[in-house]
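Structure first, then comments.
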Amino acid sequence: MRSAMRASEMNRFTRTHMTSPMSFPSMGTAPYFKVTVFEREHFQGKCIEFTSECCNIHNCGLDNIRSIRVESGAWVGFEHHDFQGQQFILERGEYPNWEAYSGSLSYHNEYFMSFRPIYCASHQHSRMMIFEKENFMGRSTELCDDYPSLKAMGWATPEVGSMHVQSGAFVCYEYPGYRGQQYIMECEKHSGDYQHWRNWGSHCQTPKVQSIRRIRH
C-alpha cells in the first residue's frame, strides 16, 4: 500500500525533478540531488522524494516534515514556506527527528516547511573572508577549513559584521561547537557578498557567529 502511494505521489510532483545535473565553472559537474522527507519521526508515515527545491510542503500534500533522509547532495531546510525562517543544514545521512538537524537551538521549533539544494557546495574548494564590521570593513581573515571555535583560532570578537564567500558554501553557527542558529553562506547567493548580518537570513537577529564549517556534498 505504501509503495503504491509513494509512486503515485512521485508522479504528482515530477515538476520538482531535474532532468540533468547542473554545471558550474571550475567545479565540474554538480552532484545528483535526492532527498526523501517523511511526515512523522523515524521515517514513518507519508513520504515523498525530491531532486530539487520545494517552496511549500503543503502544496505537496504534507502538513509538516518530521524526519529526513538525504541520499545525495547538500540541502538547506527552512522553518517557513518560501525559504524563510530558521535554516537547517542537511548533508548526506539520516535525520530521524528535529533534534538531529536543529543544531541544538535554544528554543524548540518543529516546523519544517520548505527546502532547496545547495548547488555550489564544494567541501574541498570552499573559501571565504569574514570581516569584523559591516560592509567588509575592519579586521578580516580568510577561511578554508572547519572552525569549531573562531575564538580558538584567533578571532577576538564573538561577532562577524560581514562575509564574502569566494567559492563553495559554509554554514555558520551562533555558538562554538557548531551549535545554535544556523546561517548558510553560498558563493552563488548575493554574488557571495553578505554586506550586513541581516543578509544572512530572515531569522537573523544578531551578528553573533562563533563557529563555521564547510558544507559537504
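The values are calculated or read from the model by the stated rules, or taken from the named source; none is laboratory data. What you see is a predicted model; the values in this text were computed from it and never measured. No Cβ is skipped: glycine too gets one built from the backbone with ideal geometry, and neighbour counts run over all protein chains shown. Calculation scope for accessible area: heavy atoms of the full protein, side chains included, ligands and nucleic acids excluded. Shrake-Rupley method; radii C 1.70, N 1.55, O 1.52, S 1.80 Å.
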The correct count of residues that are in contact (Cβ under 8 Å) with a residue 24 or more places away in the chain, of a type in the set (Ser, Thr, Tyr) and either surrounded by 18 or more Cβ atoms within 10 Å (Cβ to Cβ) or in a helix (DSSP H, G or I) (or both) in region 80-104 is 2
Set Gly77, Gly73: member being closer than 15 Å to Thr36 by Cα, free of Cβ contacts under 8 Å to residues at least 40 places away in the same chain, surrounded by 18 or more Cβ atoms within 10 Å (Cβ to Cβ) and within 16 Å of the chain's Cα centre (by Cα):
Gly77
If I filter region 133-150 down to residues being part of a strand (DSSP E or B) and charged (D, E, K, R), which single residue comes out as surrounded by the fewest Cβ atoms within 10 Å (Cβ to Cβ)?
Glu142
Matching residues, region 151-180, being among the polar types (S, T, N, Q) and open to solvent by less than 30 Å² (accessible area, probe 1.4 Å)
Ser162
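In region 187-200, which residues are surrounded by fewer than 22 Cβ atoms within 10 Å (Cβ to Cβ) and in a strand (DSSP E or B)?
Residue satisfying the conditions is Asp193 alone.
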Search region 111-132 for residues being open to solvent by 30 Å² or more (accessible area, probe 1.4 Å) and part of a loop (DSSP other than H, G, I, E, B), and hand back the single one that is modelled with the lowest pLDDT.
Tyr111
